[in-house]
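Undergrad: One structure, as structure tokens, below. Some questions next.
The values are calculated or read from the model by the stated rules, or taken from the named source; none is laboratory data. As the structure is a prediction and not an experimental result, all values here were calculated from the model. Using ideal geometry, Cβ is built from the backbone for each residue, glycine included, and neighbour counts are taken over all protein chains shown.
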Amino acid sequence: MASPKTLLRPLFRDPRAEGACLHKISGRLYCTQKSLWKLNWFLRDFGYDPDLLGRDEVDEKALLGLTGVLRTSRKSLAGRVFLNLDAFAPSSEWEFISKDAREGVLAGGSHDL
């Protein structure tokens with residue numbers, strides 16, 4: 001039997017690009033305790049409404065305008081390329097995360113969004 005999961009398709013704006021350069025990241029979120037804990041952490045870091053978060057509610061309208069930093073990497077497996085979400089943090093930590101990426105802290109390189 002397959003594990004319950006939900007599909008996520010958020011859009012992210014690249015702050016370094018001029019205009020409205022959007023990146024779409026598609027992925028599955030398995031409904032395990034650990035995955036849901038990570039989603040809670042992600043939403044908190046990106047400034048999601050703490051009251052809704054405390055009630056374990058996700059309101060699509062409240063997701064609009066959240067801000068934060070993502071670190072991604074590309075991995076190849078069996079001829080297919082996958083985009084991995086390696087890290088996320090509040091916007092205030094952009095300089096720290098960007099510095100790590102410039103210095104090659106992640107093996108295989110990284111892409112900050």
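Undergrad: Does segment 29-68 hold any residues that are among the basic types (Lys, Arg) and either in contact with a Pro (Cβ under 8 Å, 6 or more places away or on another chain) or in contact (Cβ under 8 Å) with a residue 12 or more places away in the chain (or both), and which are they?
TA: Passing the criteria: only Arg44.
A quick yes/no check of all residues on (1) at pLDDT 85 or above; (2) of a type in the set (Val, Ile, Thr):
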position	(1), (2)
Asp56	yes, no
Leu64	no, no
Thr72	no, yes
Ala78	yes, no
Phe82	no, no
Leu85	no, no
Phe88	no, no
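Undergrad: Would you say Leu8 is aliphatic (A, V, I, L, M) and modelled with pLDDT of 80 or more?
TA: Considered against the rule, which asks whether it is aliphatic (A, V, I, L, M) and modelled with pLDDT of 80 or more, Leu8 comes out as no.
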